[in-house]
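A quick write-up on the structure given underneath.
The values are calculated or read from the model by the stated rules, or taken from the named source; none is laboratory data. No experiment lies behind these values; they were computed from the predicted model shown. Cβ: placed from backbone, ideal geometry, glycine included. Neighbour counts: every protein chain shown.
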Amino acid sequence: MSDTDTNDRVLITVTGRDRAGITATLTGILSDQGATLHDIEQVVVQGQLTLCLLVGLSHARDVLKELLFAAKELGMELDFKPVAPAPAPGAASGVTPVEAGRRYVITAIGRSLGANHLHALAKALASEGANIEKISRLSEGLLASVEIHASLPLGRDREVLKRSLLAVATNAGFDVSLQRESLYRRSKRLVVMDMDSTLIRIEVIDELARAAGVGDAVARITERAMQGEMDYDESLRQRVALLAGLDVKVLDQIANDLPLTEGAETLIRVLKRLGFRTAVISGGFSRAADALKRRLGIDYAFSNNLEIEGGKLTGRVVGPIVNAQRKAELLELIAQLEGVLLDQVIAVGDGANDVLMLEKAGLGIAFRAKTKLREAADTNISASGLDAILYLLGISGRELQEVDSG
């Protein structure tokens, strides 16, 4: 490299054991020499530092000599190479920055992620022409979650990429999310959840049916509804009718002992500490939803009201039924009450009754869900607990520990 008066661009890479003062020393030399800093990236992996600096140097040889000497004194390795200036957007290719590609964040979550998992994800991204720009670790301890930033070229279908990533994750037994990178991804304010088989591990109506001795009959109606032979409202009315005469104490006992889904308490606790608003919108029953609201400190709870007379269930539902359409309407209502944009809402559910609710939200998450919902949702969680949702917000394990112990 010749010593010239032009502003040569040089990419400097520094590696070695991390300790305080390395970045300060090297940037101090650049500052003293009047270098132009175009870009910088630094990461520490298991105590090993990698620092990259893209600089413009008017007298490169002298500056690089100083940097090399300083790096040696610090016990670091320093490498450099000249880099041609990047063309101005649209100058050579005729495309604008927006046209050049769309940026996405891929979040992988598992009990433990290995090279095989990352290889499968990287291969799926490459097959769609997506370019990986950054990979960050989210989890502490075991490598259980990583966040990949990638750009997808114009002409490539996001849905095709989503299906490819989902297939990879399903086959390998971990979870993956594909989200458009935007301000709203990092500014969610409201989380709305289904109750049965989502926040809790059971279906309350099945427990009531077993207590009333009509478990098989209720299961047959449920199956007919799932097969499309009966709409949700009618199936609910018929199932509830079979519960007529059941003592309300049975419902209250079930409501007081609801088995929470793995990660539910952590999720709600952290969301509350971060200032999120939370809601349950359920096709289940109000006594259970209200008990869950009190237990976890959830802000809103909407569900179906069972009519009670003389301490017994009458077999009728009072008021509007919380079906798929009603769930979507209630989500929108809560967002309006809280002054939150729909793009700032997360909805979580497990069944076909949640499809419209998930489609209404900025991020729809299918949790251990049926096939129909998995296909409609923005992302799926099957191998992890509900607290994995926190990783989808870009919150690291270190940050979770800080919030949870605060």
Self-check item: Output for the range 257-274, where each listed residue is more than 15 Å from D350 (Cα to Cα) and either free of Cβ contacts under 8 Å to residues at least 24 places away in the same chain or buried (at least 19 other Cβ atoms within 10 Å of the Cβ) (or both)
Solution: D257, L258, L267, I268, V270, L271
Quiz item: Does the range 126-136 include one or more residues that are outside the structural domain of G362 (by TED's automatic domain parsing), basic (K, R), touching an Asp or Glu at 6+ places or on another chain (Cβ under 9 Å) and without any contact (Cβ under 8 Å) to a residue 12 or more places away in the chain?
Solution: no
Practice problem: Out of the residues in the range 377-406 that are within 16 Å of L178 (Cα to Cα) and out of contact with any strand residue (DSSP E or B) (no Cβ under 7 Å at 6 or more places or on another chain), state the one that is surrounded by the most Cβ atoms within 10 Å (Cβ to Cβ). | Solution: L390
Quiz item: Would you pick out the residues in the range 394-406 that are within 25 Å of A335 (Cα to Cα) and either at pLDDT 90 or above or of a type in the set (G, A, S) (or both)?
Solution: G394
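Looking at T50, T13, T36, T27, which one is in contact with a Gly (Cβ under 7 Å, 6 or more places away or on another chain) and not aromatic (F, W, Y)? So that I can check it myself, show each step before the final result.
Details: T50 fails: in contact with a Gly (Cβ under 7 Å, 6 or more places away or on another chain); T13 fails: in contact with a Gly (Cβ under 7 Å, 6 or more places away or on another chain); T27 fails: in contact with a Gly (Cβ under 7 Å, 6 or more places away or on another chain).
After applying the criteria, what remains is T36.
Taking the criterion of being within 30 Å of L142 (Cα to Cα), outside the structural domain of I135 (by TED's automatic domain parsing) and either in a helix (DSSP H, G or I) or touching a residue at least 60 places away in the same chain (Cβ under 8 Å) (or both), would at least one residue in the range 18-34 satisfy it?
Within the range 18-34, the subset within 30 Å of L142 (Cα to Cα) is 18-23.
Next cut, outside the structural domain of I135 (by TED's automatic domain parsing) only: 18-23.
Narrowing further to those that are either in a helix (DSSP H, G or I) or touching a residue at least 60 places away in the same chain (Cβ under 8 Å) (or both): 22-23.
Taking every residue of the range 18-34 in turn, at least one turns out to be within 30 Å of L142 (Cα to Cα), outside the structural domain of I135 (by TED's automatic domain parsing) and either in a helix (DSSP H, G or I) or touching a residue at least 60 places away in the same chain (Cβ under 8 Å) (or both).
Quick check: anything in the range 242-265 within 19 Å of V192 (Cβ to Cβ) and charged (D, E, K, R)?
Pass one, the range 242-265, residues within 19 Å of V192 (Cβ to Cβ): 258, 260-261, 263-265.
Filter again for charged (D, E, K, R), leaving 265.
Yes, there is a match, as at least one residue in the range 242-265 is within 19 Å of V192 (Cβ to Cβ) and charged (D, E, K, R).
Can you tell me which residues in the range 239-257 are part of a helix (DSSP H, G or I) and closer than 19 Å to I202 by Cβ? Walk me through it before giving the result.
First pass over the range 239-257, keeping only residues part of a helix (DSSP H, G or I): 239-241, 248-256.
Across the range 239-257, the qualifying residues are R239, V240, V248, K249, V250, L251, D252, Q253, I254, A255, N256.
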Quiz item: (1) over 16 Å from V348 (Cβ atoms); (2) in contact with an Asp or Glu (Cβ under 7 Å, 6 or more places away or on another chain); (3) charged (D, E, K, R): which one isn't true of R277, the others all being true?
Solution: (1)
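Quick one: which of D5, D39, D18 is charged (D, E, K, R), at pLDDT below 90 and within 42 Å of the chain's Cα centre (by Cα)? Lay out the reasoning, then the answer.
Details: D5 fails: within 42 Å of the chain's Cα centre (by Cα); D18 fails: at pLDDT below 90.
After applying the criteria, what remains is D39.
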Quiz prompt | Residue ID - farthest from A361 (Cα to Cα), chosen from residues in the range 148-185 that are touching a residue at least 40 places away in the same chain (Cβ under 8 Å), surrounded by fewer than 20 Cβ atoms within 10 Å (Cβ to Cβ) and among the charged types (D, E, K, R) | solution = R158
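Against the definition (modelled with pLDDT of 90 or more and within 14 Å of the chain's Cα centre (by Cα)), how does D175 come out, yes or no? Full working, then the answer.
Details: modelled with pLDDT of 90 or more: yes; within 14 Å of the chain's Cα centre (by Cα): yes.
Yes, satisfied.
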Quiz item: Does the range 207-224 include one or more residues that are surrounded by fewer than 19 Cβ atoms within 10 Å (Cβ to Cβ), within 21 Å of G349 (Cα to Cα) and in contact (Cβ under 8 Å) with a residue 24 or more places away in the chain?
Solution: no
Quiz item: In this structure, is L51 over 30 Å from G28 (Cα atoms) and at pLDDT 90 or above?
Solution: no
Quiz prompt | Of the criteria (1) out of contact with any helix residue (DSSP H, G or I) (no Cβ under 9 Å at 6 or more places or on another chain); (2) closer than 24 Å to G263 by Cβ; (3) at pLDDT below 90; (4) not charged (D, E, K, R), which one L118 fails | solution = (3)
Quiz item: From the residues in the range 94-113 that are surrounded by 12 or more Cβ atoms within 10 Å (Cβ to Cβ) and farther than 19 Å from G385 by Cα, which one is modelled with the lowest pLDDT?
Solution: E99
Quiz item: Considering only helices (runs of 4 or more DSSP H) fully contained in the range 97-187, which possess at least 1 residues that are within 23 Å of A376 (Cα to Cα) and among the basic types (K, R)?
Solution: 158-172
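Quick grid of which residues meet (1) of a type in the set (D, E, K, R); (2) at pLDDT 95 or above:
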{"site": "D194", "(1), (2)": "yes, yes"}
{"site": "A219", "(1), (2)": "no, no"}
{"site": "E223", "(1), (2)": "yes, no"}
{"site": "R237", "(1), (2)": "yes, yes"}
{"site": "D247", "(1), (2)": "yes, yes"}
{"site": "Q253", "(1), (2)": "no, yes"}
Quiz item: For residues in the range 225-256 being of a type in the set (S, T, N, Q) and either more than 34 Å from the chain's Cα centre (by Cα) or more than 25 Å from T371 (Cα to Cα) (or both), which is surrounded by the most Cβ atoms within 10 Å (Cβ to Cβ)?
Solution: Q238
